[in-house]
Amino acid sequence: MLALSKVDASINNIPILRDISFTVGPAETVALVGRNGAGKTTLLRTIMGFTTCHGEMRFEGADLRAVDPHRRPGLGIGYAPEDRRLFSRFTITQNILLPAQVAKLGETETASRLERVYHVLPELRDLGPRPAGSVSGGQGKMVALGRALMLSSRLLLLDEPFQGLAPVLAQRYAEALGRLREIDPTLAIIITESNPELLRSFASRTITVERGQIDSDASNERTT
Amino acid sequence: MTMNIAALALLDGLAYASLLFLVAVGLTLIFGVLGILNVAHGSLYAIGAYATATLGQWLVAQGFNPWLTFPGMIVAAVAVGVLLGGLIERLLLQRIYSKDPVLQLLVTFAVFMILENLQRMIWGVQPYFMSTPLTVLGNVRLLGINYTAYQVLFLPAAALVVLFTLRYFLRHTNMGAQILAVTEDREAATAIGINASRVYFMTFVIGACFAALGGALATPTTSLVTGMGANMIVLSFAVAATAGLGQIEGAAISALIIGIARSFAVYLSPEIEVIMPYLIMVLVLLVRPNGLFGKETVRKI
């Protein structure tokens, strides 16, 4: 579904990624692991169109590079950035609904997508009316996931979702991803993580990024 | 100072503050969202005024109902804001958003110089008048003083309408929400499908329309001369900086402070009238470097 071939990416003329090639199929959960600074975040931002890149990127057969960055979420790609980046002037609910509002989705469609978000992340129901600036870092990650889920019907990109999460919240986050897998088996998910062990039970495949290049790409043996 | 003069100064100040606010709010909106200090804002003010005078004089000369000069002001302002503002954004600003702020300032300053001369080419250097809206509204008696209704009622009402419409637009409409989101985080906004380029364009055009509207509404009470744009950009910058750049409600309050202080200076000590706005700005910025309502880190509108 997503296929990168010989992709180089740079930010402000500084090359970050070199010769990245991999494909992700529907229903696949891919762990993108690597040290800090290896280029994991840049890889996700490249898929979203926020870097200067060369090479070939195809999404469901179409040339992704020809699609303006703001039109990519409309293809069914959701992105939850590492540092949450909620809109502090809005409430939690408004943050989650904003993508649907921007995409001008109908009322019933919006409501059913919101139900899907609440099914995956029940705690967001209660957080709803609070201003986005007031939630804790961990709750913010949940909200960012909810916001990304609004549009991600095909592909979900999660940047270091477990980073800095208290163990209880990390557990809840993992459970939420489990529920998402259950209700949406065809969704492709790419998760970045610096600790490869954390995702081994969850992801079916691990791609290791090292200094801007792919080091290894192997499917995980199910140990759990 | 008698009560009469105090009341007169207050009304003068109110009328003046209303015009100041209209121009300053556009400047502060554009800065708040785009991060660009648009020096050409002064030209949009001046050209809005000239366009209004031309259209108004034509309407009157053709024998149309003089009340038509009111919608005429709005038509002229929107036309100038959309056409000229739209062209400036599309042709120039769009290419320099990621560049150094000094370069951005230089580019808008260059646009200002070009428009200033264009203005001279089109309208010449002789003063223009178009006081029809002032005369048709007549006078009212306020605080024991006969004053033109246009200045003490219409201008403040127009400023309030702009203030509350803008607030409503930003907080309760789809486009407003997109503007707020892009202001806070352009990349995160793009990642949820917001077209940031379009948001920048719309914001600039709206801001430009406010500048032109300020000029249009100033036409009945001001004689239009070359250099009025330069004067206004410096003044409205003083208002925006006193409030804190990007602060919309703050701009209304600092426009009032500066407008009223200036008109009191006219009556009490005319020699400091010209420097009054800057005196206030300097005093405020000495105590609060981010302006009266400015915040330390986050850019907000």
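The values are calculated or read from the model by the stated rules, or taken from the named source; none is laboratory data. Bear in mind the structure is a predicted one, so any value in this text is a computation, not a measurement. FYI the Cβ positions are ideal-geometry reconstructions off the backbone, even for glycines, and counts take in every protein chain you see.
Here is the figure for region A:53-99: residues that are over 14 Å from the mean Cα position of the chain (by Cα), within 14 Å of chain B (Cβ to nearest Cβ), assigned to a loop (DSSP other than H, G, I, E, B) and within 21 Å of residue A:184 (Cα to Cα) total 0.
Scanning region B:57-95 for residues that are in a loop (DSSP other than H, G, I, E, B) and free of Cβ contacts under 8 Å to residues at least 12 places away in the same chain yields B:62, B:63, B:64, B:65.
Taken over region A:100-130, the criterion of being on the phi < 0 side of the Ramachandran plot, within 13 Å of chain B (Cβ to nearest Cβ) and not in a helix (DSSP H, G or I) is satisfied by A:103, A:105.
Regarding residue B:210, is this residue assigned to a helix (DSSP H, G or I), crowded, with 21+ Cβ neighbours inside 10 Å and among the aromatic types (Phe, Trp, Tyr)? Yes. One residue alone among B:31, B:64 is crowded, with 20+ Cβ neighbours inside 10 Å, at pLDDT below 95 and among the aromatic types (Phe, Trp, Tyr), and that residue is B:31.
All conditions in (1) out of contact with any Ser or Thr (no Cβ under 9 Å at 6 or more places or on another chain); (2) surrounded by 24 or more Cβ atoms within 10 Å (Cβ to Cβ); (3) in contact (Cβ under 8 Å) with a residue 60 or more places away in the chain hold for residue B:191, with the sole exception of (3).
The residue of region B:229-243 that is surrounded by the fewest Cβ atoms within 10 Å (Cβ to Cβ), among those that are at pLDDT 90 or above and more than 24 Å from residue B:293 (Cα to Cα), is B:230. If I filter region B:266-285 for residues that are modelled with pLDDT of 90 or more and under 19 Å from residue B:161 (Cβ atoms), do I get at least one hit? The answer is no; no qualifying residue exists. Of the residues making up region B:194-204, those that are buried (at least 21 other Cβ atoms within 10 Å of the Cβ) and either without any contact (Cβ under 8 Å) to a residue 12 or more places away in the chain or within 19 Å of residue B:81 (Cα to Cα) (or both) are B:199, B:200, B:203, B:204.
The residues of region B:233-287 that are without any contact (Cβ under 8 Å) to a residue 12 or more places away in the chain and either under 20 Å from residue B:151 (Cβ atoms) or not β-branched (Val, Ile, Thr) (or both), listed by number, are B:265, B:269, B:270, B:271, B:273, B:279, B:283, B:286.
Across region B:124-172, the number of residues qualifying as of a type in the set (Ser, Thr, Tyr), over 18 Å from residue B:256 (Cα atoms) and assigned to a helix (DSSP H, G or I) comes to 4.
Residues that are in contact with an Asp or Glu (Cβ under 6 Å, 6 or more places away or on another chain), within 11 Å of chain B (Cβ to nearest Cβ) and not in a helix (DSSP H, G or I) within region A:33-52 comprise just one, A:50. Looking only at residues in region B:163-205 that are touching a helix residue (DSSP H, G or I) at 6+ places or on another chain (Cβ under 6 Å) and among the hydroxyl-bearing types (Ser, Thr, Tyr), the one that is farthest from the other protein chains (Cβ to nearest Cβ) is B:203.
For residue A:132, the stated conditions hold: it is surrounded by 14 or more Cβ atoms within 10 Å (Cβ to Cβ), in contact with a Leu (Cβ under 6 Å, 6 or more places away or on another chain) and within 25 Å of residue A:44 (Cα to Cα). I need the full set of residues from region A:175-224 which are surrounded by 14 or more Cβ atoms within 10 Å (Cβ to Cβ) and among the hydroxyl-bearing types (Ser, Thr, Tyr), in order please. Within region A:175-224, A:192, A:194, A:204, A:206, A:208 meet the criteria.
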